[in-house]
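Below: the structure, in structure tokens.
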Amino acid sequence: MSRRTLARLGAPAAAAAAITLLAVAPASAHVTVTPSETAAGAYTVLTFSAGHGCEGSPSKQFTIKVPEGINDVTPTRQPFYDVKVTTEKLDKPIEDAHGNKLTERDATVVYTAKTPLPDGQRDAFEVSLQLPDEEGTTLAFPVVQTCEKGETAWVEEAPEGSTEEPESPAPAFEITEAVAEDAHGASAASHDDAESAPAAEKKSDGNLWGGVGAGAGILGLIAGSTALALGRRKA
Ligand SMILES: [Cu+2]
């Protein structure tokens, strides 16, 4: 990623607005985000979609900025892109959910196209992460779309209470009320339990291998009976 792109991602909204005024994009499409979950503290998969190039120019790269309050992201592989997560040093080390000390945080996710995405075709990128515990906050993920000719910085955030959409809005959504006892909370809790109970984990590992063995046996039986069935059909 160029120094300029990094600077652009950090650029104040006003400066970014001035720059993006030059780019004329259709009102629809844009680069958008669709979260699988929006509840505070929930694990979510964000799907970023790009609906067009830069004024007709094919897209080469999408750089997604990880907002403050999120330190760890996992991108889904995308067959048409190379994906890379860049990190940055934290001012103060923090402890993650597993008790590990973190000195760095994930700063950006960069999807680089193996073949440029033609204008008029869309593509999507998934990033999984845990949402911060900040109900009611609008979470914005600024994206820089780099094209063969030019780029579009989807980094503008609508002023508080404004109904007017900026020219190139940053993909964003609102964090909703935390869900106490849903499947997500439960799975997060059991994940933590597994981490803090190595004995239980070992036991389940044993069960897992036992399960695989049994599974292989069953597969063998199925394969055998299929062969038998095929043999019968042939005969
Ligand atoms: Cu658009």
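The listed residues Asp72, Asp96, Asp106, once ranked by accessible area (1.4 Å probe) with the largest placed first, stand as Asp72, Asp96, Asp106. Sorting the segments 38-45, 80-87 by their mean number of nearby beta carbons within 10 angstrom, highest to lowest, gives 38-45, 80-87. 3J(HN,Hα) along segment 110-117, derived from phi through the Karplus expression 6.51 cos²θ - 1.76 cosθ + 1.60 where θ = phi - 60°, amounts to 10, 9, 10, 5, 6, 10, x, 7 Hz, with x in place of Gly and Pro.
Element breakdown for segment 20-167 at a 1.4 angstrom probe: carbon and sulfur atoms account for 48% of the accessible area. For Glu156, nonlocal amide neighbours, meaning residues 5 or more places apart or on other chains whose placed amide H falls under 5 Å from its own, are Ser168, Ala170.
By a 1.4 Å probe calculation restricted to protein chains, Ser162 has an accessible surface near 50 Å², given to the nearest 10.
The values are calculated or read from the model by the stated rules, or taken from the named source; none is laboratory data. None of these values were measured; they are calculated from a predicted model. A quick note on method: Cβ atoms are made from the backbone with ideal geometry, for glycine too, and the neighbour counts reach across all protein chains shown. Areas reflect the complete protein model, heavy atoms only, side chains present, ligands, DNA and RNA absent. Shrake-Rupley method; radii C 1.70, N 1.55, O 1.52, S 1.80 Å.
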